[in-house]
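The values are calculated or read from the model by the stated rules, or taken from the named source; none is laboratory data. Owing to the predicted nature of the structure, the values given are computational and were not obtained by experimental measurement. When we count neighbours, we look across all protein chains shown, and the Cβ atoms used for this are built from the backbone with ideal geometry, even at glycine. The protein model used for the area step is the full one, side chains on, heavy atoms only, and it has no ligands, DNA or RNA in it. Shrake-Rupley method; radii C 1.70, N 1.55, O 1.52, S 1.80 Å.
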Amino acid sequence: MVAEGDEEGASAFFEDEGEVSGAPINTTETGKVHEGAIPPGPRFQSSKPYWGIREHQLYAAPSSEKVEVDSGDLPSIPGPPWPSNHQLHDWNFAEAYTYPQLTRSVNFEAFTFVGGDGHDNPVFAERVRANFYLLEASVTFFNQVAGTRDNETDMDLDLRVPFTFGRHHQLALLPGVTFPIDGTAWSTNNTDIRIQGIYGFAIEGFGVQARIGFTDGFRRAGVLKLRERISNPATLYGALVAWRIWPAVQLRAEASGEIGTDHNRDRISILPGFAFFPLGDPRVTVGATAVIEASAPRLRFRGASYGGLVNVGTGFY
């Protein structure tokens, strides 16, 4: 360092005769900067994520200061929040087990059914259901009655046409079809077509649903009466009441059934139980419920099926 007008400044400096004004940066544990040092500049902070590249701001800091580089300093590409606002809004509209879901979602669920078929035969079945926002697909890929596995496998497909009336009202029309996916050729003897409408009202953890529709074709008589088939036209009906008493616990009561035409076979499924949300939000669901089913002309509960259902699901949107 050379002072102005000092011709011997350079040699004087190396002879320890020169002086430097100001004070060095303090390296004590306090991290305070003395007069004459370069103070650290403000860090860049963004209140919300943004797209693209923005200039990164550099600043001086004492050598003893521990500086952490966090995401607030650097450009970032935002990801979708999880759970999304859409999930939180639809959380109050509970998901039915025995008929399609009312709200638009992207989720996946697995169901396990155990019980009896009403004829002293034990029943065990596995079912999966996937929602792709406007399309729902369900398959009972394994079912066993009295120790014998059923080789017939069907798929349920339902198209969801949604209507929203404010934050608390939902309506959906769901045309659907059930058809074999085990290699059997489609025909009127193994295919079912249906149309149904579901209305729901929900507010602050409490929700109710009502379902009505029409079906005609070859279909199972219930979630436990897997080997019994119905083929006559029928009117569909159903209802669901759900109340989330805590963020992680929901009480449920569900019923759905069919009224056969011309005094043909009727059926009903009743499912009272619980749904649990381990994370305290709708991302992960664990459900447990009892199952009571009856199927007979002029419906009666003689020969009814009794059992239980356990399900695990995760939602992505």
Report task. Sort 100-106, 234-240, 120-126 for me by packing, meaning the mean count of neighbouring Cβ atoms within 10 Å per residue, highest on top. Result -> 100-106, 234-240, 120-126
Query raised in the report: Can you give the accessible area per residue of the stretch 182-288, in Å², using a 1.4 Å probe?
Result: 46
Requested in this report: Please work out the FRET efficiency for the pair L88 and V177, using the Cβ-Cβ distance as r and a Förster radius of 35 Å; give the result to the nearest 0.05.
Outcome: 0.60
Query raised in the report: For E204 and N121 in one chain, what is 0.36 nm times their gap in residues minus the Cα-Cα distance, to one decimal in nm?
Result: 25.6 nm
Report summary line: For the stretch 147-243, the accessible surface attributable to carbon and sulfur atoms (probe 1.4 angstrom, ligands and nucleic acids excluded) amounts in percent to 66
Report summary line: Checking the stretch 182-269 for GluC sites (Glu not before Pro) in a loop per DSSP with at most 10 other beta-carbon atoms within 10 Å yields E204
Requested in this report: Rounded to the nearest 0.05, what FRET efficiency do F132 and R300 give with R0 = 41 Å and r taken as the Cβ-Cβ distance? Could you check?
Outcome: 0.55
Query - Net length gained if the chain between D281 and V241 were fully extended (0.36 nm per residue, minus Cα distance) - result: 12.5 nm
Requested in this report: For an R0 of 41 angstrom, estimate the FRET efficiency from the Cβ-Cβ distance between H168 and A288 and round to the nearest 0.05.
Outcome: 0.90
